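One structure is given here, and the rest of the page talks about it.
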Amino acid sequence: MADLVITGGTVVTPEGTAPADLAIVDGRIERIGPNLSDGAEILDATGMLVLPGTIDVHTHLRLPDGAHPARFRADTEAAAAGGTTTVLTFNNPGTGISEDGARSLMRGLEEFRERTAGESAIDYGLCAVVTGQQLDPVRELPSLVASGVPTFKAFMVYDFALPEETLLRVMRTAAENGGMLQLHCEEPGIIEPLVARSLEAGNSGPRFHAACRPPEAEAAATRRAIEMARRVEAPLYIVHLSCEEALEAVSEAKARGEPIYAETCPHYLTLTDALYADPDDAEVIKRVISPPLRTQGDVDALWAGLRDGVLDVVGSDHVPDRVDTEKHLPAPPFPQISNGAPGIETLTSVVYSEGVARGRISLERMVDVLATNPARLFGLASKGALMPGRDADIVVWDPDARRTIRQRDLHHTSDFTPFEGRELTGSPVHVLSRGAAPGRGRFVERRLG
Ligand code: DUC
Ligand code: ZN
Ligand code: ZN
């Protein structure tokens, strides 16, 4: 007998979307088909969609410390509340990693595992961050991949950016050892002079952040990154792609058959740079993110890219900043404002409501970009689809529920949401993590297929 049978719902599987029951045994999906309720415990999903849980591959969770012992757990609980059943997180400086951990990839992994053991409500993994401050990161990459961390991020901007020569070595070493680089593409040669000129002119308020990071800076870096990956015959994953010009670069690479993958985020799919005109700095700093918000034309292009398969994944880019702590008011000059905004709890809701409910993408495409592609690209073989043998990471989703996003209703550790007041269609009703209520997440060692 099954441990639990979800009955009466419309189940989204790789074969299609159809009414079916789903039986769970020992935390895994055992069968999907008609009339499976064999006396087992029943979860009635009549009128609901049954979806694979979202895999959020882009977050910056903060490690628990003495002052905030519960913050890692709280954000993973927030993820689960929103329909996410696996989270991958970066351990970049600023997430609470020690100096020692920040200097070595393997030490960083050990520290991450020690400090997060037993602290996650859902299954989770690490995406390491390769920085210029590490002693010899390229030498450590093969061990990192062998230890279950086959994907890692690097930056083309900021103090900890890697020079092109190192990026090439990282890409090549990743490719030779079953890994993949995730790259933040913005061109410092375009951004830095704009920042200097803006500050000289006295334009240091938060609204000037965006003007100094134009789409050309992202597109030029994206093209350079794709060119580098081609030179060393490496796969490349472009994080948080925000604009039409960068999307074109990815589209052209894909058309040439290159293994280039790209992710966008809910804020780039729903919010525009019109928000930077708000006269209230307290509102503007909530949208100080990199890359910045773009135009409605970019928003429309990104939806088309998701629909057409140019974009592979939507990740939240959750940064659990608070206005009252990391962001600060009155705002410092914009280069000193912490970059990022929360989104771990609203990811599935925003993509469903703005994408599926508004007819911009199909339900099946949403499952692709939130679960199936993340599992495939990030080496989570037991997850990402409702199929016999896979983990029972499941969301029962009410497609007709109506609600409004309010910070006061969220569980994340930020004190704001960039989506405050947004009206939504659709809502998670039940979330299962390996067949049970979220609460006992495990670190997942990943292998790319
Ligand atoms: N890159 C991220 O991935 N997140 C926040 C800020 C940044 O630059
Ligand atoms: Zn980034
Ligand atoms: Zn990020």
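The values are calculated or read from the model by the stated rules, or taken from the named source; none is laboratory data. As the structure is a computational prediction, the values presented were derived from the model and not from experiment. Cβ: placed from backbone, ideal geometry, glycine included. Neighbour counts: every protein chain shown. We work out accessible area using only protein heavy atoms, side chains counted, and drop any ligands, DNA or RNA first. Shrake-Rupley method; radii C 1.70, N 1.55, O 1.52, S 1.80 Å.
In table form, for the structure just shown:
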| item | result |
| --- | --- |
| Unique residue being closer than 19 Å to His240 by Cβ, within 16 Å of ligand 3 (Cβ to nearest atom) and touching a helix residue (DSSP H, G or I) at 6+ places or on another chain (Cβ under 7 Å) when the list is Val157, Val170 | Val157 |
| Test: Asp159 is touching a strand residue (DSSP E or B) at 6+ places or on another chain (Cβ under 7 Å) and of a type in the set (Asp, Glu) | no |
| Among residues of the stretch 179-214, those that are touching a Pro at 6+ places or on another chain (Cβ under 6 Å) and either more than 18 Å from Pro291 (Cβ to Cβ) or basic (Lys, Arg) (or both), counted | 4 |
| Hits in the stretch 404-449 (condition: of a type in the set (Phe, Trp, Tyr) and more than 17 Å from Gly343 (Cα to Cα)) | Phe443 |
| Scan of the stretch 77-118 for residues that are in a loop (DSSP other than H, G, I, E, B) and either surrounded by fewer than 19 Cβ atoms within 10 Å (Cβ to Cβ) or among the aliphatic types (A, V, I, L, M) (or both), ordered by number | Pro93, Gly94, Ile97, Ser98, Ser104, Ala117, Gly118 |
| Where a residue in the stretch 427-438 is of a type in the set (S, T, N, Q) and its partner, wherever it lies, is assigned to a loop (DSSP other than H, G, I, E, B), with Cβ under 7 Å and at least six apart | Ser433/Ile122; Ser433/Asp393; Ser433/Gly441 |
| Failed condition for Pro320, given (1) more than 17 Å from Glu354 (Cβ to Cβ); (2) more than 16 Å from ligand 3 (Cβ to nearest atom) | (2) |
| Residue within the stretch 252-259 that is in a loop (DSSP other than H, G, I, E, B), surrounded by 23 or more Cβ atoms within 10 Å (Cβ to Cβ) and away from ligand 3 (no atom under 16 Å from the Cβ) present | no |
| Test: residue in the stretch 163-180 that is within 24 Å of the chain's Cα centre (by Cα), farther than 17 Å from Pro259 by Cβ and either open to solvent by 60 Å² or more (accessible area, probe 1.4 Å) or at pLDDT 95 or above (or both) | no |
| Any chance Leu241 is part of a loop (DSSP other than H, G, I, E, B), touching a residue at least 12 places away in the same chain (Cβ under 8 Å) and buried (at least 23 other Cβ atoms within 10 Å of the Cβ) | yes |
